[in-house]
Amino acid sequence: MTTTPLSDALAVRAMASAFDALCGKLPVPGDPHRLPGSVAVAQQISELGKLITELGDEALFRTVNGVHNSRTGRAVAGFSAAVRPAGEAASALGEVAEQLAFLEQTEHLHDLPDAQDAREAAGRVIDEALGTADTALRAAADSLHAASTAVSPPSPRLRAALGRTTTPVHKAAPAAPAAPTPATAAVPRTVRGR
């Protein structure tokens, strides 16, 4: 099976969208009363593992097929470049899972001062790791979006459409009248009635 510029671009864009979606599922860091659930984090790690496997499969498929042209090379490079930030995100989510396990194991010790300090530190590590995962997932998605454009640049018509705004135009408040300039202030105006 051979690939086309369109199929390569669609595959890269689909992968970018998958990373965008996973990034949108991450818990928001900073809320000490709302830690992510262990099951949710494990599911995200599993999803991310599947995405990393898909990145490798897409690169392998294009490499094994032996179609060596610049377009296919850009697709392979795009898939391959996203592996590093995806791995960083997986590592960060692994840290979150580890800290959540620690919090669950020490729940019965929450009244002890040393345990309280350690549990608070775990919460800070979770926040930092979630921030790292978010940044890494966004980097992977952005890299893939850029690669999809390099594989199959949008047509001039599509570029023009993307340049137009899709947000509604709100009626602006009326502008304040301009202060008269000295030249217009000296000119008498004739007002005629009807």
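The values are calculated or read from the model by the stated rules, or taken from the named source; none is laboratory data. Keep in mind that this is a model prediction, so the values were computed, not measured. Here the Cβ positions follow ideal geometry from the backbone for every residue, glycine too, while neighbour counts run over all protein chains shown. Keep in mind that these areas ignore ligands, DNA and RNA; they rest on the heavy atoms of the full protein, side chains included. Shrake-Rupley method; radii C 1.70, N 1.55, O 1.52, S 1.80 Å.
Candidates are the residues of the stretch 39-82 that are over 15 Å from A11 (Cα atoms), of a type in the set (A, V, I, L, M) and in contact with a helix residue (DSSP H, G or I) (Cβ under 7 Å, 6 or more places away or on another chain); the one that is surrounded by the most Cβ atoms within 10 Å (Cβ to Cβ) is V41. Residues that are surrounded by 13 or more Cβ atoms within 10 Å (Cβ to Cβ), closer than 21 Å to T132 by Cβ and without any contact (Cβ under 8 Å) to a residue 12 or more places away in the chain within the stretch 1-28 comprise just one, A21.
Which number in (1) farther than 15 Å from T132 by Cα; (2) aliphatic (A, V, I, L, M); (3) under 21 Å from the mean Cα position of the chain (by Cα); (4) crowded, with 20+ Cβ neighbours inside 10 Å marks the one condition that L100 misses? It fails just one condition, (3).
Against the numbered list (1) charged (D, E, K, R); (2) surrounded by fewer than 17 Cβ atoms within 10 Å (Cβ to Cβ); (3) closer than 22 Å to A18 by Cα, E88 comes up short only at (2). Whenever a residue of the stretch 76-98 is outside any helix (DSSP H, G or I), its partners that are open to solvent by less than 30 Å² (accessible area, probe 1.4 Å), lying with C-beta atoms within less than 6 angstrom and at least six residues away or across chains, give the pairs A82/L55; A82/A140; A82/L144. Condition first: touching a Lys or Arg at 6+ places or on another chain (Cβ under 7 Å) and either part of a helix (DSSP H, G or I) or open to solvent by 40 Å² or more (accessible area, probe 1.4 Å) (or both). Now tell me which residues in the stretch 103-140 satisfy that. Of everything in the stretch 103-140, those that are touching a Lys or Arg at 6+ places or on another chain (Cβ under 7 Å) and either part of a helix (DSSP H, G or I) or open to solvent by 40 Å² or more (accessible area, probe 1.4 Å) (or both) turn out to be L103, H110.
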